[in-house]
Amino acid sequence: MEQINEQHLVESGLVVFDVTAADEETALQVMAALERLWATSGTAILRRTPGVPGIQARVYADTRRSGGAQ
């Protein structure tokens with residue numbers, strides 16, 4: 001994954017989640033759960049890195065704002 005850009009953490013309440021899961025379904029479930037809690041960047045592109053187990057994704061969130069689904 002790329003380095004985290006400083007602009008994504010410029011204020012209190014902003015977070016970056018690097019998600020690694022065994023499979024795509026689990027990664028998508030985690031991203032959906034985060035989206036219900038907070039305003040997020042949405043469903044991220046899922047990546048596989050050769051030689052690294054699992055599926056990876058990066059999600060940006062603003063914990064000061066509630067998510068879309070209640």
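Rule-based calculations on the coordinates, nothing more; no lab input. All values derive from a computational prediction rather than experimental measurement. Note: ideal-geometry Cβ built from the backbone for every residue, glycine included; neighbour counts use all protein chains shown.
Tabulated data
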| quantity | calculated |
| --- | --- |
| Using θ = phi - 60° and Karplus 6.51 cos²θ - 1.76 cosθ + 1.60, couplings along region 45-53 (whole Hz; Gly, Pro as x) | 5, 8, 10, 10, 10, x, x, 10, x |
| Sum of side-chain charges, PRO53 neighbourhood, beta-carbon under 13 Å (Lys, Arg +1; Asp, Glu -1) | +1 |
| Packing rank of 49-57, 23-31, where each peptide gets the mean count of other beta carbons within 10 Å, highest leading | 23-31, 49-57 |
| Nitroxide proxy distance, nm - points 7 Å out along Cα→Cβ at VAL15 and SER41 | 1.6 nm |
| Around GLY68: net Lys/Arg minus Asp/Glu count, Cβ-Cβ under 9 Å | 0 |
